[in-house]
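Written out below as C-alpha cells is the structure these notes cover.
Laboratory data are not the source of any read-out in this text; all were calculated from the coordinates shown. None of the values given here were measured: they were computed from a predicted structure. Note: ideal-geometry Cβ built from the backbone for every residue, glycine included; neighbour counts use all protein chains shown.
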Amino acid sequence: KLAITQYEVIARGDSLTLVKATPLTGRTHQLRVHSAYKEGLDVPIVGDALYGRLADRLMLHAASLEFRHPVTGEKVSIIAKVPF
C-alpha cells in the first residue's frame, strides 16, 4: 500500500542527525520503514531493533498526536516536548 512521509533535517551532529518526519498516511511502522530502507532515507532510526540496531531506547518520539475520542467524538490534541 502507498505510504508517504515528509522529512526535514532539524540539526546535524558529528554522528547523528535530528530529523522531523511527518507521516501523510498512517501505515504500520511507516516512519521506521521509510527511514531504514534504501528507497527512503537508507538510515535506520537509532535504537530500532527491528529495522536497524538495538540501543538504550528507540529515538522515535511523537511531538504531537491528534485524534477523535472514540466515545465522545471530541477532538483530542496532545503535545509532548521532545526529550532528545
Open item on the list: Against the definition (farther than 22 Å from K81 by Cβ, surrounded by 10 or more Cβ atoms within 10 Å (Cβ to Cβ) and over 11 Å from the mean Cα position of the chain (by Cα)), how does L54 come out, yes or no?
Closed with: yes
Open item on the list: Pull out all pairs, ordered by first then second residue, where Cβ-Cβ is under 9 Å, the residues are six or more apart or on different chains, the first lies in the stretch 1-14 and is over 17 Å from T25 (Cα atoms), and the second is among the charged types (D, E, K, R) and assigned to a strand (DSSP E or B).
Closed with: V9/K20; I10/K20
Task: All positions within the stretch 4-41 that are exposed (fewer than 10 other Cβ atoms within 10 Å of the Cβ), farther than 20 Å from F84 by Cβ and either more than 14 Å from the chain's Cα centre (by Cα) or aliphatic (A, V, I, L, M) (or both) - done: K38, E39
